[in-house]
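S.K.: Quick one: the structure is below, questions incoming.
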Amino acid sequence: MTEFIFLGLSPSPEVQRICFVIFLLLYVAIVLGNSLIVLTVLTSRSLGSPMYFFLSYLSFVEICYSSTTAPKLLSDLLAERKSIPWWGCLVQFFFLHFFAGTEIFLLTLMAYDRYVAICKPLNYTTIMNQQVCMVLVGMAWVGGFVHSLSQILLVFQLPFCGPNVIDHYFCDVLPLLQLACSDTLLIGLLIVANGGTLSVVSFVVLLVSYVVILLHLRTRSSEGRRKALSTCGSHITVVMLFFVPCVFIYLRPSTTLPADKMVAVFYTVVTPLLNPVIYSLRNAEVKKAMKRLWIRAMKLGGT
């Protein structure tokens, strides 16, 4: 087996051309929106707290994550033959799970940051100092790498002897398991133990942490509750948008469903697009920092 053939999103050339325009606009919006958040956090002194430090890394990961599938999807929408080399498929698979795993750990870290900020405000600056934040982000990257490495080692053992047609628009676990010409029951269970369990356990930890936060907020003033809930609400929304599709996909590695491609579009394109919108629209400090950045850019442009 030297290459795989993607069936893509639709066999209709007209639909493919429409999809190309739509996904091109979405991908440009993802890159520009998340880059704006990264630039805003890096240049604004008012966004120096650990929450925005983690947010900047999350936005950077979103750009990388969407870039593992979007460019190939766009080129395939204009191509008659949608092929990818065997090694290219494994590279795409590795980086897709690498950035997805890193994002899972970053979202968990952001929940921990909110827990410390709300439940232990007096010790917040001591617990979440700059050195600790750097170590935690480093651990998120390492965790994503270990997760992806274990996934690709499992897939690398599979024998592919034909057919080589993938009913998808990128290389992922379920489509590759369907093409393997051997018994994939054990590998499928190991993939669930790795990817599916990681998603479920992280999701449960996040939900429990926010239940603890909500219980703690009962003792706060109405203004304090409003501000804390606004910040936590943005994070909970992002968590739900990312984790629910992942749990739907990776907890059943032995079967594929017709809806899988649409669900994949949601967590590889829609969610990275919505993250900067959610965090910027629901956060007054981010909006003010973006406004100041825009004013400075206009002044520099005028000179």
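The values are calculated or read from the model by the stated rules, or taken from the named source; none is laboratory data. Just so we're clear, the structure is a prediction, and the values are computed from it rather than from any experiment. Cβ: placed from backbone, ideal geometry, glycine included. Neighbour counts: every protein chain shown. The accessibility values were calculated without ligands, DNA or RNA, using every heavy atom of the protein model including side chains. Shrake-Rupley method; radii C 1.70, N 1.55, O 1.52, S 1.80 Å.
S.K.: Can you pull out the residues in region 91-126 that are open to solvent by 60 Å² or more (accessible area, probe 1.4 Å), modelled with pLDDT of 90 or more and either more than 25 Å from I191 (Cβ to Cβ) or of a type outside the set (F, W, Y) (or both)?
M.R.: Answer for region 91-126, where residues must be open to solvent by 60 Å² or more (accessible area, probe 1.4 Å), modelled with pLDDT of 90 or more and either more than 25 Å from I191 (Cβ to Cβ) or of a type outside the set (F, W, Y) (or both): just V91.
S.K.: Quick test for you: out of V21, V28, pick the one residue that is farther than 15 Å from T268 by Cα, open to solvent by 20 Å² or more (accessible area, probe 1.4 Å) and of a type in the set (V, I, T). Outline the logic, then answer.
M.R.: Numbers: V28 fails: farther than 15 Å from T268 by Cα.
Result: V21 is the single residue among V21, V28 that is farther than 15 Å from T268 by Cα, open to solvent by 20 Å² or more (accessible area, probe 1.4 Å) and of a type in the set (V, I, T).
S.K.: Turning to a different aspect of this structure: Against the conditions (1) farther than 21 Å from S75 by Cβ; (2) open to solvent by 30 Å² or more (accessible area, probe 1.4 Å); (3) at pLDDT below 90; (4) of a type in the set (S, T, Y), where does S35 fall short? Just the number, please.
M.R.: Going through the list (1) farther than 21 Å from S75 by Cβ; (2) open to solvent by 30 Å² or more (accessible area, probe 1.4 Å); (3) at pLDDT below 90; (4) of a type in the set (S, T, Y), S35 breaks only (3).
S.K.: While we're looking at this one, here's another question. Could you tell me whether any residue of region 52-66 is open to solvent by less than 50 Å² (accessible area, probe 1.4 Å), among the charged types (D, E, K, R) and closer than 30 Å to L154 by Cα?
M.R.: Within region 52-66, one or more residues are open to solvent by less than 50 Å² (accessible area, probe 1.4 Å), among the charged types (D, E, K, R) and closer than 30 Å to L154 by Cα.
S.K.: Could I ask something else about it? For region 80-90, check the following and say yes or no: at least one residue is of a type in the set (D, E, K, R) and either within 13 Å of the chain's Cα centre (by Cα) or at pLDDT 90 or above (or both).
M.R.: Step one: of region 80-90, the residues of a type in the set (D, E, K, R) are 80-82.
Then keep just the ones that are either within 13 Å of the chain's Cα centre (by Cα) or at pLDDT 90 or above (or both); that gives 82.
Scanning region 80-90 turns up at least one residue that is of a type in the set (D, E, K, R) and either within 13 Å of the chain's Cα centre (by Cα) or at pLDDT 90 or above (or both).
S.K.: In addition: Considering only residues that are crowded, with 16+ Cβ neighbours inside 10 Å and among the hydroxyl-bearing types (S, T, Y), look in region 180-204 and name the one that is modelled with the highest pLDDT.
M.R.: Among those residues, the one meeting the criterion is S202.
S.K.: Going through region 139-179 one residue at a time, which ones are at pLDDT below 85, open to solvent by 40 Å² or more (accessible area, probe 1.4 Å) and within 30 Å of L77 (Cβ to Cβ)?
M.R.: F156, C161, P163, Q178
S.K.: If a residue has to be open to solvent by 60 Å² or more (accessible area, probe 1.4 Å) and either at pLDDT 80 or above or in a helix (DSSP H, G or I) (or both) to count, how many in region 268-283 make the cut?
M.R.: Residues in region 268-283 being open to solvent by 60 Å² or more (accessible area, probe 1.4 Å) and either at pLDDT 80 or above or in a helix (DSSP H, G or I) (or both): 2 in total.
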